[in-house]
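The values are calculated or read from the model by the stated rules, or taken from the named source; none is laboratory data. These numbers were taken from a predicted model, which means no experiment stands behind them. Glycine also receives a Cβ, built like all others from the backbone with ideal geometry; neighbour counts cover every protein chain displayed. For accessibility, only protein heavy atoms count, side chains too; no ligands or nucleic acids. Shrake-Rupley method; radii C 1.70, N 1.55, O 1.52, S 1.80 Å.
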Amino acid sequence: MVIADVAVVPLRPYKGEEEMYKVVDVCIEEIKNSGLKYEIGAMSTTIEGDFDEVFELLKKIHKIPFDLGCERVITTARIDEKAGGITIDEKLKNHR
């Protein structure tokens, strides 16, 4: 079990934030439909799951903006992996 923190930023040809967020919303919908546990944050989304499932999902959401006509995308991902696995709840147990 791993945790991935991901932010997808479509850059072009969008002229404003509203258009950009429509693309981000499609990425979030893909995450919701993945069946993996997730939490949406103000600047990124955290995904929890099996290593291979999480990385497959990261690849999919990185490609979504291109499918929607974007010319350039920056995706930032951070992975937290612990021997024996780690969960979102475990990671945040001291903050909830």
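Could you tell me whether the stretch 42-50 includes any residue that is assigned to a loop (DSSP other than H, G, I, E, B) and closer than 13 Å to ALA4 by Cα?
Within the stretch 42-50, one or more residues are assigned to a loop (DSSP other than H, G, I, E, B) and closer than 13 Å to ALA4 by Cα.
Can you confirm whether LYS15 is out of contact with any strand residue (DSSP E or B) (no Cβ under 8 Å at 6 or more places or on another chain), assigned to a loop (DSSP other than H, G, I, E, B), farther than 19 Å from LYS91 by Cα and without any contact (Cβ under 8 Å) to a residue 40 or more places away in the chain?
Yes.
Of the residues in the stretch 1-38, how many are touching a helix residue (DSSP H, G or I) at 6+ places or on another chain (Cβ under 6 Å), surrounded by fewer than 18 Cβ atoms within 10 Å (Cβ to Cβ) and not hydrophobic (A, V, I, L, M, F, W, C)?
2
Can you tell me which condition GLU29 does not meet? The list is (1) in contact (Cβ under 8 Å) with a residue 40 or more places away in the chain; (2) part of a helix (DSSP H, G or I), and all the others hold.
Unmet for GLU29, out of (1) in contact (Cβ under 8 Å) with a residue 40 or more places away in the chain; (2) part of a helix (DSSP H, G or I): (1).
Which members of the stretch 39-59 meet the condition of being in contact with a helix residue (DSSP H, G or I) (Cβ under 8 Å, 6 or more places away or on another chain) and in contact (Cβ under 8 Å) with a residue 24 or more places away in the chain?
Selection gives GLU39, THR45, THR46, ILE47, GLU48, GLY49, LEU57.
Can you find a residue in the stretch 53-66 that is more than 12 Å from VAL8 (Cα to Cα), part of a loop (DSSP other than H, G, I, E, B) and open to solvent by less than 100 Å² (accessible area, probe 1.4 Å)?
no
Which residues, counting only those in the stretch 67-96, are open to solvent by 80 Å² or more (accessible area, probe 1.4 Å), within 24 Å of PRO10 (Cα to Cα) and not in a strand (DSSP E or B)?
ASP67, LEU68, GLU71
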